[in-house]
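Read the structure below first, then the notes.
The values are calculated or read from the model by the stated rules, or taken from the named source; none is laboratory data. These numbers come from a predicted model, not from an experiment. Counting neighbours? That spans all protein chains shown, and the Cβs are built from the backbone with ideal geometry, glycine included.
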Amino acid sequence: MIPFSVLDLAPVTEGSNAAQAFANTLDLARRAERLGYGRYWLAEHHNMPGIASAATAVLIGHVAGGTSTIRVGAGGIMLPNHAPLQVAEQFGTLASLYPGRIDLGLGRAPGTDHATARALRRYFDSAEAFPQDVSELLSYFEPATDSQPVRAVPGAGIEVPVWLLGSSLFSARLAATMGLPFAFASHFAPDQMDEAVALYRRDFRPSRRLSAPYAMLGINVVAADSDAQARRLFTTQQQSFINLRRGRPGLIPPPIDNIENYWTPTEKFGVERALACAVVGDANTVRDGLAAFVARHRPDELMVTANVFDHEARCRSFAMVAEVRQQLAAA
């Protein structure tokens, strides 16, 4: 069975705060490490009250410092918001502190709304230069030369695995051209998943960093003792998507008994399409759903995410998924 990893957004639930979200993130990361998950990634978002992972590199350091073996990384850093040199310095620092455990995933979106992207100062000037910025960033991780006027300190000569993230053919094509591993955001934008992965694998050019294509797919998985209980827990994610599309992003809401009373038919169609890559149910439902997803799409790795209101229920969901993976591996 392929590796399973965890994507966390450090959710801030109603009645809670960022400090509690960070404590929950570290607790989940420690549990994920014990459960055998391969990676624990955090994603850059801004101006979203329910997501506390804006200072992504800082939070990665917190998680890496509180764990021992699991890889910790960014899924991802939205590169157009940052100078490539600064990102190289940040992740060179992390990789120096936690050697062999840091991943750097790069995305092209702003990770926020237009007003906030403008407040970040850099995005609108840099989005079109994303391929050039990726190349510049990669160059800072190469061993420095005496004639090199600018170098990342630390960063130069440090091995930091770099991934490209995306939900489109653009990112797939760029990852293939540059010979980098590719992670597709199928957990919230699955429309071009199959086409993008096929293009990536077909056009992949081996590089010093990667000899063969490696594709990871995101998937929402909520596991509980019964299908009905899991579906109720999943209404937290469904509400969050609706609230975002209504222009009212807020704290992560508790689950509700009847999602049909919350959304309009149009909203239901949009949310179900965005969250089409989801497996929700008891252990048997999750096992069958994950087995079918892997058999159909053939990812090299799965990045599992679960936006569940109650922390213990969220941790239990990840524990059940880890057990399902063991069953699938044994089978």
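In the range 206-220, of all residues being of a type outside the set (A, V, I, L, M, F, W, C) and in contact with a strand residue (DSSP E or B) (Cβ under 6 Å, 6 or more places away or on another chain), the one that is surrounded by the fewest Cβ atoms within 10 Å (Cβ to Cβ) corresponds to Asn220.
Listed conditions (1) modelled with pLDDT under 95; (2) over 15 Å from Ala306 (Cβ atoms) are all met by Glu33, apart from (1).
Please enumerate the residues belonging to the range 221-243 that are crowded, with 16+ Cβ neighbours inside 10 Å and of a type outside the set (S, T, N, Q). Correct list: Val221, Val222, Ala223, Ala224, Ala230, Arg231, Arg232, Leu233, Phe234, Phe241, Ile242.
Annotation note: Cβ proximity below 6 Å between a residue of the range 85-101 that is over 13 Å from Ile60 (Cα atoms) and outside the structural domain of Glu159 (by TED's automatic domain parsing) and a residue that is of a type in the set (Asp, Glu) and assigned to a helix (DSSP H, G or I) (sequence gap 6+ or interchain) occurs for no pair.
Here is a yes/no grid of residues against (1) of a type outside the set (Gly, Ala, Ser); (2) more than 29 Å from Asn47 (Cβ to Cβ); (3) touching a His at 6+ places or on another chain (Cβ under 7 Å); (4) part of a loop (DSSP other than H, G, I, E, B):
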{"position": "Thr116", "(1), (2), (3), (4)": "yes, no, yes, no"}
{"position": "Arg121", "(1), (2), (3), (4)": "yes, no, no, yes"}
{"position": "Phe130", "(1), (2), (3), (4)": "yes, no, no, no"}
{"position": "Val134", "(1), (2), (3), (4)": "yes, no, no, no"}
{"position": "Ser147", "(1), (2), (3), (4)": "no, yes, no, yes"}
{"position": "Val150", "(1), (2), (3), (4)": "yes, yes, no, yes"}
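So for the range 33-50 (the condition being out of contact with any Phe, Trp or Tyr (no Cβ under 9 Å at 6 or more places or on another chain), of a type in the set (Phe, Trp, Tyr), surrounded by fewer than 22 Cβ atoms within 10 Å (Cβ to Cβ) and farther than 21 Å from Tyr140 by Cα), does at least one residue qualify? Looking for residues that are out of contact with any Phe, Trp or Tyr (no Cβ under 9 Å at 6 or more places or on another chain), of a type in the set (Phe, Trp, Tyr), surrounded by fewer than 22 Cβ atoms within 10 Å (Cβ to Cβ) and farther than 21 Å from Tyr140 by Cα, one finds none in the range 33-50, hence no.
Looking at the range 171-181, is at least one residue surrounded by fewer than 21 Cβ atoms within 10 Å (Cβ to Cβ) and under 24 Å from Tyr40 (Cβ atoms)? Within the range 171-181, not a single residue is surrounded by fewer than 21 Cβ atoms within 10 Å (Cβ to Cβ) and under 24 Å from Tyr40 (Cβ atoms).
Checking each residue in the range 245-282 for being without any contact (Cβ under 8 Å) to a residue 24 or more places away in the chain and either crowded, with 16+ Cβ neighbours inside 10 Å or part of a helix (DSSP H, G or I) (or both) picks out Glu260, Asn261, Pro265, Thr266, Lys268, Phe269, Glu272. In the range 183-197, the residues that are assigned by TED's automatic domain parsing to the domain that holds Gly75 reach residues that are β-branched (Val, Ile, Thr) with C-beta atoms within less than 6 angstrom, at least six apart or across chains, in these pairs: His187/Ile219; His187/Thr305.
Among the residues making up the range 1-53, those that are among the hydroxyl-bearing types (Ser, Thr, Tyr) and either touching a Gly at 6+ places or on another chain (Cβ under 6 Å) or not in a loop (DSSP other than H, G, I, E, B) (or both) are Ser5, Thr13, Thr25, Tyr40.
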